1. Does any residue of the range 68-82 turn out to be among the small types (Gly, Ala, Ser) and under 20 Å from the mean Cα position of the chain (by Cα)?
2. So, of the residues in the range 351-369 that are within 16 Å of the ligand (Cβ to nearest atom) and surrounded by fewer than 24 Cβ atoms within 10 Å (Cβ to Cβ), which turns out to be nearest to Ile422 (Cα to Cα)?
3. Only residues that are of a type in the set (Val, Ile, Thr) and over 19 Å from Gln454 (Cβ atoms): list them for the range 230-266, please.
4. What about Pro109, is it modelled with pLDDT of 95 or more, part of a helix (DSSP H, G or I) and under 20 Å from Leu162 (Cα atoms)?
5. Might you let me know whether the range 115-129 holds any residue that is assigned to a strand (DSSP E or B) and either away from the ligand (no atom under 16 Å from the Cβ) or in contact with an Asp or Glu (Cβ under 8 Å, 6 or more places away or on another chain) (or both)?
6. Inside the range 130-142, can you point out the residues that are within 25 Å of Leu35 (Cβ to Cβ) and either in contact with an Asp or Glu (Cβ under 9 Å, 6 or more places away or on another chain) or in a strand (DSSP E or B) (or both)?
7. Identify the residue in the range 148-165 that is surrounded by fewer than 24 Cβ atoms within 10 Å (Cβ to Cβ) and in a helix (DSSP H, G or I) and, among all such residues, is nearest to the ligand (Cβ to nearest atom).
8. How about the range 1-35: which of its residues are within 13 Å of the ligand (Cβ to nearest atom) and either part of a loop (DSSP other than H, G, I, E, B) or touching a residue at least 60 places away in the same chain (Cβ under 8 Å) (or both)?
Amino acid sequence: MADGYEFVVVANRLPVDRTTGDDGDQHWTRSPGGLVSALEPILRSSGGAWVGWTGAPDDDTGPQEVDGIQLRPVPLSAEDVDRYYEGQSNSTIWPLFHDLVEPPVHRRPWRQAYESVNRRFAEATAEAAAHGATVWVHDYQLMLVPAMLRALRPDLRIGFFLHIPFPPVELFMQLPRRADLLRGLLGADLVGFQRPHAAQNFLQLAAGLLGLEPDDDRVAYEGRTVVAQAFPASIDVAETDRLAADPDIQREADRLRAELGGDRRLLLGVDRLDYTKGIEQRVEAFGELLAEGVVSNDEVVLVQVATPSRMRVAQYQQLRERVEREVGRINGEFGAVGRVPVHYLFQSRSPAELVALYLATDVMLVTPLRDGMNLVAKEFVAARRDEQGALVLSEFTGAAAELEDAFLVNPHDVEDLKRAIIAALDAPPDDRAVRMRRMRARVQAHDVDRWARQFLEALA
Ligand code: F6P
């Protein structure tokens, strides 16, 4: 398109996966996920494009169209992936923004790579966008892009949304070159966060670090007004509901239950294998309940899906080793031939397979130590059209502010985890149904379409 696109989404990853067809050829297919399904209609109707990385190093894929979405790949070399993605994004910013659950690592070459990759994203966006277009930049990997893009293209309307927590002032202050990151975000017209206190942290930093004078939810900066507000992210409720109503998926849920031992109660965890998700603490709590005889291998089973993630980063490899050792220990100590207490799957599962698991579950365990939102909690709720199943939910997730009828828990406290698991298992069916009904009403009324629409209306 010679004149550029009216709406451009910018995210570290393109919304596609590379698959190999029956003919042996490689194809791109649209990846599942709320963000892409919410933005797809807008991308189609407004003549939009998506700028991002394919996920493979040294990939020279050119512009593509997949399912009617225009893709503008930004290539990353193996060194870029090492320094910008695994380094600065996921070994510095990620742990620091998640309350130092693991210690952040600071390296000058990583910061340089982060800056140069952000510049390439800004340049690719400047090239793709039409005059006066709307650009929506996503997440912590690209916090310098708004200011870089504004310098190149002052005619654009620029929004930024942070999907992860924004840290308290004293933690943000630990970052080397912290003021640059803040100025990067201030390049946007609207900066969106999951929770109101995150927006307040950001405005407080603008005052403390840059001497700006915020007024309510906005701040004047370089002759413009920058607005900082909360927009809690959500899921594609209609799609989850469609899967949950599918008789094949319901049959698969029945099969899973029978396979796991029909009369055993099922506990489920579904997470990326990430140290922020509290998988270790959850497994430890379950192990203690077994050791104390509060639950037995004949009564209860835990299925933990741990999706492989960022496996080249040392902290993720170490986490995997610790979790797998503990699962092995628990199964060795409390298992029987043909019946183990923990089924651990270090695998990715399709949305349909996950919904079958959600439907088979008695108690869903969503217990991150820190999480910006947590969409798995919302997916579980959206899948339970039968109004059954209980949710144990960490107070340290953004979702806890919306799903107050969950069994809320402090995951840093193993005793509290054990208490919440037992409370959820023992809750009378009508109590579970009342809680589920209220949570479903909330999620249904606040789905991902509404989230995207509200953000874009505020930006317009
Ligand atoms: O929301 C957090 C986030 O890092 C997204 O930006 C990202 O797409 C997702 O989690 C998965 O992480 P990654 O892209 O590093 O595999």
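1. Just the residues of the range 68-82 that are among the small types (Gly, Ala, Ser), to begin with: 68, 77-78.
Subset that is under 20 Å from the mean Cα position of the chain (by Cα): none.
Checked against the condition, which is being among the small types (Gly, Ala, Ser) and under 20 Å from the mean Cα position of the chain (by Cα), the range 68-82 yields no hits at all.
2. So in the range 351-369, the residues within 16 Å of the ligand (Cβ to nearest atom) come out as 351, 354, 366, 368-369.
Restricting the remaining residues to those that are surrounded by fewer than 24 Cβ atoms within 10 Å (Cβ to Cβ) gives 351, 354, 369.
Numbers: Pro351: 28, Leu354: 24, Leu369: 20 Å.
Here the residue is Leu369.
3. At the first step, the residues of the range 230-266 found to be of a type in the set (Val, Ile, Thr) are 235, 237, 240, 249.
Those that are of a type in the set (Val, Ile, Thr) and over 19 Å from Gln454 (Cβ atoms): Thr240, Ile249.
4. On the way: modelled with pLDDT of 95 or more: yes; part of a helix (DSSP H, G or I): yes; under 20 Å from Leu162 (Cα atoms): no.
Taking the combined requirement at face value, the residue does not satisfy it.
5. First, pick out the residues of the range 115-129 that are assigned to a strand (DSSP E or B): 129.
Retained after the next criterion (residues that are either away from the ligand (no atom under 16 Å from the Cβ) or in contact with an Asp or Glu (Cβ under 8 Å, 6 or more places away or on another chain) (or both)): 129.
Checking the range 115-129: at least one residue is assigned to a strand (DSSP E or B) and either away from the ligand (no atom under 16 Å from the Cβ) or in contact with an Asp or Glu (Cβ under 8 Å, 6 or more places away or on another chain) (or both).
6. Hits for the range 130-142 are Ala130, Gly132, Ala133, Thr134, Val135, Trp136, Val137, His138.
7. If we take residues in the range 148-165 being surrounded by fewer than 24 Cβ atoms within 10 Å (Cβ to Cβ) and in a helix (DSSP H, G or I), then Met148 is nearest to the ligand (Cβ to nearest atom).
8. Start the filter on the range 1-35 by keeping residues that are within 13 Å of the ligand (Cβ to nearest atom), which leaves 9-17, 31-35.
Scanning the range 1-35 gives Val9, Val10, Ala11, Asn12, Leu14, Pro15, Ser31, Pro32, Gly33, Gly34, Leu35.
The values are calculated or read from the model by the stated rules, or taken from the named source; none is laboratory data. None of the values given here were measured: they were computed from a predicted structure. All Cβ positions, even for glycine, are placed from backbone atoms using ideal geometry, and neighbour counts span all protein chains on display.
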